[in-house]
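Before we start, here is the structure in question, set down as structure tokens.
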């Protein structure tokens with residue numbers, strides 16, 4: 001059984017936001033109004049934040065100075081606190097290590113958003129809507145699996161949503177392999193943010209495969225996990241020097 005994980009090299013990230021844009025159009029995340037955004041209600045399954053906290057602080061000396069950024073999807077924790085607090089089992093961790101959301105079961109209590117130490121769960125306060133220009137780019141690709149709705153084209157008002165590692169791509173790749181009567185290969189599954197990264201800073205793969213690039217990088221002395229000391233054991237691993 002596969003154990004999906006993501007590795008992000010912060011020394012390569014240039015904060016182009018290509019990953020965030022790809023995520024929005026791949027997963028149809030709603031665009032909220034400026035008023036809603038001011039209330040902290042933006043929905044960003046993938047966000048890029050400045051590191052360190054002071055966004056004006058450069059690393060290195062001019063003319064070779066630069067800034068470092070942290071890109072933040074769902075961490076798909078091995079010990080996810082969001083799963084523990086959900087009273088209706090609307091969020092759960094599957095056998096391949098992906099923390100998933102059943103939108104049909106979600107009652108909008110938002111316990112999971114409070115429990116998540118990474119702030120990567122988002123509540124739909126309003127019925128999602130898009131301008132005509134954006135609506136024509138919405139992705140229709142969604143699948144139904146294991147008796148739960150894994151990601152409708154538009155999530156309804158009143159439910160929590162989050163990054164799913166583009167699980168619909170996994171379902172599609174497996175269906176293609178089955179139709180071609182062959183074995184599914186792990187490299188056939190790539191989330192949109194990884195595929196789009198212009199700096200080649202993101203890697204994705206089976207952490208249990210010692211030959212996979214993501215698995216090799218996760219063992220690097222440059223590797224670290226955010227808030228690892230809280231016991232969540234995040235599956236998104238970062239790389240940086242020093």
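The values are calculated or read from the model by the stated rules, or taken from the named source; none is laboratory data. As the structure is a computational prediction, the values presented were derived from the model and not from experiment. When we count neighbours, we look across all protein chains shown, and the Cβ atoms used for this are built from the backbone with ideal geometry, even at glycine.
From the list 15, 22, which one is in contact with a helix residue (DSSP H, G or I) (Cβ under 8 Å, 6 or more places away or on another chain), crowded, with 16+ Cβ neighbours inside 10 Å and either modelled with pLDDT of 95 or more or within 25 Å of residue 225 (Cβ to Cβ) (or both)?
Within the list 15, 22, the selection yields 22.
For residues that are at pLDDT 90 or above, over 25 Å from residue 191 (Cα atoms) and assigned to a loop (DSSP other than H, G, I, E, B), tally how many sit in the range 60-88.
Number satisfying all stated conditions: 3.
Hey, another quick one. Quick check, is residue 54 at pLDDT 95 or above, out of contact with any strand residue (DSSP E or B) (no Cβ under 8 Å at 6 or more places or on another chain) and part of a loop (DSSP other than H, G, I, E, B)?
Considered against the rule, which asks whether it is at pLDDT 95 or above, out of contact with any strand residue (DSSP E or B) (no Cβ under 8 Å at 6 or more places or on another chain) and part of a loop (DSSP other than H, G, I, E, B), residue 54 comes out as no.
Being closer than 16 Å to residue 24 by Cα and part of a helix (DSSP H, G or I) is the filter here, so list the residues in the range 159-183 that pass it.
Selection gives 167, 168, 169.
Read through the list (1) buried (at least 19 other Cβ atoms within 10 Å of the Cβ); (2) over 20 Å from residue 72 (Cα atoms); (3) at pLDDT 95 or above, then give the number of the only condition that residue 155 fails.
For residue 155, the exception is condition (3).
What number of residues within the range 3-13 are more than 14 Å from the chain's Cα centre (by Cα) and farther than 13 Å from residue 47 by Cα?
Going through the range 3-13 one residue at a time, the tally reaches 5.
Give all pairs with beta carbons closer than 8 Å in which a residue from the range 81-94 that is loosely packed, with under 14 Cβ neighbours inside 10 Å meets a residue that is assigned to a helix (DSSP H, G or I); count only pairs at least 6 apart in sequence or on separate chains.
Pairs that qualify, where the first residue is loosely packed, with under 14 Cβ neighbours inside 10 Å and the partner is assigned to a helix (DSSP H, G or I), are 84/115; 87/111.
Suppose we filter the range 1-46 for residues that are free of Cβ contacts under 8 Å to residues at least 60 places away in the same chain and in a helix (DSSP H, G or I); how many remain?
5
Same structure, new question: Would you mind stating whether residue 113 is part of a strand (DSSP E or B), touching a helix residue (DSSP H, G or I) at 6+ places or on another chain (Cβ under 9 Å) and either modelled with pLDDT of 95 or more or under 24 Å from residue 17 (Cβ atoms) (or both)?
no
Determine which single condition residue 202 fails, assuming it passes every other condition in (1) at pLDDT 90 or above; (2) more than 18 Å from the chain's Cα centre (by Cα); (3) under 24 Å from residue 15 (Cα atoms); (4) surrounded by 12 or more Cβ atoms within 10 Å (Cβ to Cβ).
Result: residue 202 fails condition (2) only.
Tell me whether the range 225-236 contains one or more residues that are modelled with pLDDT of 95 or more and over 23 Å from residue 92 (Cβ atoms).
Among the residues of the range 225-236, not one is modelled with pLDDT of 95 or more and over 23 Å from residue 92 (Cβ atoms), which makes the answer no.
Shifting gears a bit: Does residue 195 meet the test of being at pLDDT below 95 and surrounded by 13 or more Cβ atoms within 10 Å (Cβ to Cβ)?
no
Can I ask one more? Considering only residues that are part of a loop (DSSP other than H, G, I, E, B), out of contact with any helix residue (DSSP H, G or I) (no Cβ under 7 Å at 6 or more places or on another chain) and either in contact (Cβ under 8 Å) with a residue 40 or more places away in the chain or closer than 13 Å to residue 20 by Cβ (or both), which ones fall in the range 184-204?
Answer for the range 184-204, where residues must be part of a loop (DSSP other than H, G, I, E, B), out of contact with any helix residue (DSSP H, G or I) (no Cβ under 7 Å at 6 or more places or on another chain) and either in contact (Cβ under 8 Å) with a residue 40 or more places away in the chain or closer than 13 Å to residue 20 by Cβ (or both): 199, 200, 201.
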